[in-house]
1. For the subset of the stretch 137-151 comprising residues that are outside any loop (DSSP other than H, G, I, E, B) and more than 30 Å from GLU234 (Cα to Cα), which member is most open to solvent (accessible area, probe 1.4 Å)?
2. Quick check, is ASP193 under 19 Å from ASN135 (Cβ atoms) and either loosely packed, with under 14 Cβ neighbours inside 10 Å or touching a residue at least 40 places away in the same chain (Cβ under 8 Å) (or both)?
3. Of the numbered conditions (1) modelled with pLDDT of 95 or more; (2) more than 16 Å from ligand 1 (Cβ to nearest atom); (3) open to solvent by less than 50 Å² (accessible area, probe 1.4 Å); (4) not acidic (Asp, Glu), TYR233 fails exactly one; give the number of that condition.
4. Given the conditions (1) away from ligand 1 (no atom under 12 Å from the Cβ); (2) without any contact (Cβ under 8 Å) to a residue 60 or more places away in the chain; (3) touching a strand residue (DSSP E or B) at 6+ places or on another chain (Cβ under 6 Å), report the number of the one that ALA161 does not fulfil.
5. What about GLY248, is it of a type outside the set (D, E, K, R), away from ligand 2 (no atom under 16 Å from the Cβ), in contact (Cβ under 8 Å) with a residue 24 or more places away in the chain and at positive phi?
6. Cβ contacts < 6 Å: first residue away from ligand 1 (no atom under 13 Å from the Cβ), restricted to the stretch 127-156; second residue small (Gly, Ala, Ser), any location; separation 6+ or different chain. Result?
7. What number of residues in the stretch 355-393 are farther than 17 Å from ALA326 by Cβ and open to solvent by 30 Å² or more (accessible area, probe 1.4 Å)?
Amino acid sequence: MVAVAILAAGRGTRMKSVLPKVLHSLGGRSLIERILLTALEIDPKRYLAIVGYQGEKVKAALEHIPDLEFVEQSEQLGTGHAVQQLLPHLEGFPGDLLVLNGDVPLLRSQTLKHLIETHQQHRNAVTLLTAHVPNPQGYGRVFCDGQNLIKQIVEDRDCNAAQKQNHRINAGIYCFNWPLLAKVLPQLQANNDQKEYYLTDACNLMEPVMAVDVEDYEEILGINDRKQLATAYEILQERVKDKWMAAGVTIIDPKSVTIDDTVLLEPDIIIEPQTHLRGQTVIKSGSRIGPGSSIENSQIGENVTVLYSVISDSAVQSGSRIGPYAHLRGHVEVGNGCRIGNFVELKNTVLGDRTNVAHLSYLGDTTAGERVNIGAGTITANYDGVNKHPTKIGDRTKTGSNSVLVAPVTLGSDVTVAAGSTVTEDVPDDSLVIARATQVVKPGWRLKTNGDSPVT
Ligand code: UD1
Ligand code: CA
């Protein structure tokens, strides 16, 4: 039986941020959410987050995770002090306690499973994850005998010059026999450089303590500053892109593309350079995205092309062509086989199948039917300065160039709007609407001058 506790009470001073460290985002998810989701894959009996610095914010960010228990550490006196706060909550719990630092977001659940298995097989008091890293600076150093039994863990800042040469580091991931840990927790002392209660000292008080090396040391990268956050992002990106390429997605210039690991892709998508896919985006087979496009929280159907465009919180059905230079934002639904072209902005707008908005338009709060043609420069004037109003456009209706549809307004089906019209009243089906000043031509009229040629 395993309980999981995630240490997330620290401020993360080295981030130099008002936001608690564990709430910094890495590829669409906060650090703490990442480690928590990984921990949930091992199906723990109970799972607790230890919160302190801006605890309310951390709680709010995790409120969607059912059955998560929160434990307060009101003063942050170190990782050992954080785990001491569990004593009343886990009183009498007979199993093992997996302790995870909240700032180790790239950990894989297989690694946790292996750690727990080793711990249980060897009946250790503590088993902890270690790694041999090229740059051990900032990490606690682990000193073992030949059997991987730990003799001592020394924090980086408490190491002497010789100890600093040890590249085997503590990953901050531990499996404890909880009843044994509960006995030693009250004995921790804060006699170190930071005057903190170290969880690593609890390991120094228990026996046997075993180290398990992680195969891929990139997994245990701890995020303490912005530079490490960027490094973790790069590692995550490589994992995500490798996964999608293996699954049949072409990524033309992977270095210039970023994909959140919350995104879902189908085989035979082509992702062109300088393209960024974010949040809960889903893209179907045969689509070509980019170059130069950004898609966030949107659903893209099959065989869609998106060229130099920005799409957020929207859906595009199969076979539609978006861009170059289109912006779809906030609940746009584009039907099948549509064309949304150059310099078009759509907001909260639904377009039926085979409808085109090809050039220089803004449609906001608009519902248009099928096979509608929105002429170049058509604008829906949806905002009267106080409220937003809807525009409705029936099937097969065509708006002429530079028309303004002043909402609220409804155009029926098969309507033709003459170029340059400002439409303020509803228009019934099957009609032509001309709403502009009639052109006046005066034959033989010429500007009177004093005889000189006009200056050109
Ligand atoms: C810790 C380990 C170090 C290890 C490293 C791995 C200790 C003493 N040292 O050092 O051996 O190599 O992690 O990344 O444990 N936290 C609390 N309450 C506190 C202090 C910290 O909840 O009072 C939380 C933080 O929010 C963070 C985690 O514990 O998520 C680790 O704290 P941090 O200060 O980053 O520890 P390190 O110095 O990195
Ligand atoms: Ca850390």
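The values are calculated or read from the model by the stated rules, or taken from the named source; none is laboratory data. Only a predicted model underlies this, so the values are computations on that prediction, with no experimental measurement involved. Neighbour counts are summed over all protein chains in view; Cβ atoms, including those assigned to glycine, are modelled from backbone coordinates with ideal geometry. When the accessible area is computed, the model is the full protein with side chains, heavy atoms only, and any ligands, DNA or RNA have been set aside. Shrake-Rupley method; radii C 1.70, N 1.55, O 1.52, S 1.80 Å.
1. The residue in question is LYS151.
2. Working: under 19 Å from ASN135 (Cβ atoms): no; either loosely packed, with under 14 Cβ neighbours inside 10 Å or touching a residue at least 40 places away in the same chain (Cβ under 8 Å) (or both): yes.
No: the conditions fail for ASP193.
3. (3)
4. Every condition holds for ALA161 apart from (3).
5. On the way: of a type outside the set (D, E, K, R): yes; away from ligand 2 (no atom under 16 Å from the Cβ): yes; in contact (Cβ under 8 Å) with a residue 24 or more places away in the chain: no; at positive phi: yes.
For GLY248, the condition - of a type outside the set (D, E, K, R), away from ligand 2 (no atom under 16 Å from the Cβ), in contact (Cβ under 8 Å) with a residue 24 or more places away in the chain and at positive phi - is not met.
6. Partner pairs satisfying both residue conditions: CYS144/ALA211; ASN148/ALA211.
7. Summing the residues that are farther than 17 Å from ALA326 by Cβ and open to solvent by 30 Å² or more (accessible area, probe 1.4 Å) in the stretch 355-393 gives 13.
Listed here are the residues, each with its yes/no results for (1) surrounded by fewer than 19 Cβ atoms within 10 Å (Cβ to Cβ); (2) more than 16 Å from ligand 2 (Cβ to nearest atom); (3) of a type in the set (A, V, I, L, M, F, W, C).
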residue	(1), (2), (3)
LEU26	no, no, yes
ILE35	no, no, yes
THR38	no, yes, no
GLU41	yes, yes, no
ILE50	no, no, yes
GLU56	yes, yes, no
